[in-house]
Amino acid sequence: MDSMHPYEKLPLFSTGLVLGVSLIASHAIMLAKAQPVQAFLKRLPRDKMIGQILLGIGLIWFWLLVAPEGKGLVNSLSMELGEFNNVKPMLRLIVPISIVLVSISVKDFLAVRALGVLGLMVAAPLLQAAFLKDPTSRLLIPIYTYGLIIASLFWVGMPYLFRDAVTWATASQGRWKALCSAGLAYGVVVVICAFAFWRGY
């Protein structure tokens with residue numbers, strides 16, 4: 001019986017390609033449609049509907065990690081939590097209740113907090129795909145991922161920093177273009193490394 005978690009089966013090549021293309025596409029849109037994107041980011045922290053959607057996705061994803069072991073799509077992401085395995089049944093009840101309660105009670109910066117939760121969920125498969133792989137260039141993925149983790153922790157605990165960061169980034173068009181160009185370039189480098197070094201990993 002294959003005891004490997006699906007995260008452990010993620011290939012470096014495919015994961016890097018998805019990450020690189022996502023960075024290229026998102027930053028290209030941010031460059032091409034600067035005004036609409038800036039307006040969206042400025043209103044995002046108080047957009048309750050987007051917050052509820054993102055929170056739902058993040059917490060459902062987490063629920064799948066603590067789902068009962070078994071066969072089928074619902075059980076496919078279930079993982080061992082070591083010493084915390086005994087609390088999995090409790091988490092299966094707490095997570096759905098949390099989705100409802102948080103969506104109802106948290107009115108300020110819900111979207112930013114939810115974005116942070118989703119960022120933390122995305123981090124695990126990214127790190128696992130690059131774990132103990134040979135190409136040194138694989139470090140492009142962990143470097144990005146640890147940056148995402150740090151940002152996500154701040155978004156969950158101090159969501160107003162997202163608003164402040166957006167205000168700073170949009171203060172001048174030159175700064176906005178420089179940041180977007182840096183993200184675009186990082187994505188291009190990741191895609192190049194995926195095709196040049198990560199095939200077969």
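We did not get these values from a lab; they are worked out from the coordinates using the rules stated. Predicted, not measured: the structure shown is a model, and the values here were computed from it. As a convention, Cβ positions derive from the backbone with ideal geometry for all residues, glycine included, and neighbour counts pool all protein chains shown.
Structure values in brief
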{"read-out": "Unique residue being outside any helix (DSSP H, G or I) and either farther than 22 Å from residue 40 by Cα or among the aliphatic types (A, V, I, L, M) (or both) when the list is 171, 178, 194", "value": "171"}
{"read-out": "Selection from segment 26-39 of residues that are without any contact (Cβ under 8 Å) to a residue 12 or more places away in the chain and not in a loop (DSSP other than H, G, I, E, B)", "value": "29, 32, 35, 36, 37, 39"}
{"read-out": "Which numbered condition residue 41 fails, given (1) in contact with a Leu (Cβ under 7 Å, 6 or more places away or on another chain); (2) closer than 29 Å to residue 171 by Cβ; (3) of a type in the set (A, V, I, L, M)", "value": "(1)"}
{"read-out": "Residues (buried (at least 16 other Cβ atoms within 10 Å of the Cβ), over 16 Å from the mean Cα position of the chain (by Cα) and assigned to a helix (DSSP H, G or I)) located in segment 131-160", "value": "137, 138"}
{"read-out": "Pick from segment 73-95, criterion assigned to a helix (DSSP H, G or I) and touching a helix residue (DSSP H, G or I) at 6+ places or on another chain (Cβ under 7 Å), ranking: nearest to residue 52 (Cα to Cα)", "value": "95"}
{"read-out": "Residue that is surrounded by the fewest Cβ atoms within 10 Å (Cβ to Cβ), among those in segment 86-125 that are basic (Lys, Arg) and farther than 13 Å from residue 56 by Cα", "value": "107"}
{"read-out": "Test: residue in segment 40-59 that is outside any helix (DSSP H, G or I), out of contact with any Ser or Thr (no Cβ under 8 Å at 6 or more places or on another chain) and within 26 Å of residue 95 (Cα to Cα)", "value": "yes"}
{"read-out": "Hey, residue 114 free of Cβ contacts under 8 Å to residues at least 40 places away in the same chain, over 15 Å from residue 5 (Cβ atoms), small (Gly, Ala, Ser) and part of a helix (DSSP H, G or I) or not", "value": "no"}
{"read-out": "Unique residue being basic (Lys, Arg) and part of a helix (DSSP H, G or I) when the list is 199, 163", "value": "163"}
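Rundown of residues vs (1) of a type in the set (S, T, N, Q); (2) more than 22 Å from the chain's Cα centre (by Cα); (3) closer than 23 Å to residue 46 by Cα, yes/no style:
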{"residue": "87", "(1), (2), (3)": "no, yes, no"}
{"residue": "96", "(1), (2), (3)": "no, no, yes"}
{"residue": "101", "(1), (2), (3)": "no, yes, yes"}
{"residue": "106", "(1), (2), (3)": "no, no, yes"}
{"residue": "115", "(1), (2), (3)": "no, no, yes"}
{"residue": "129", "(1), (2), (3)": "no, no, no"}
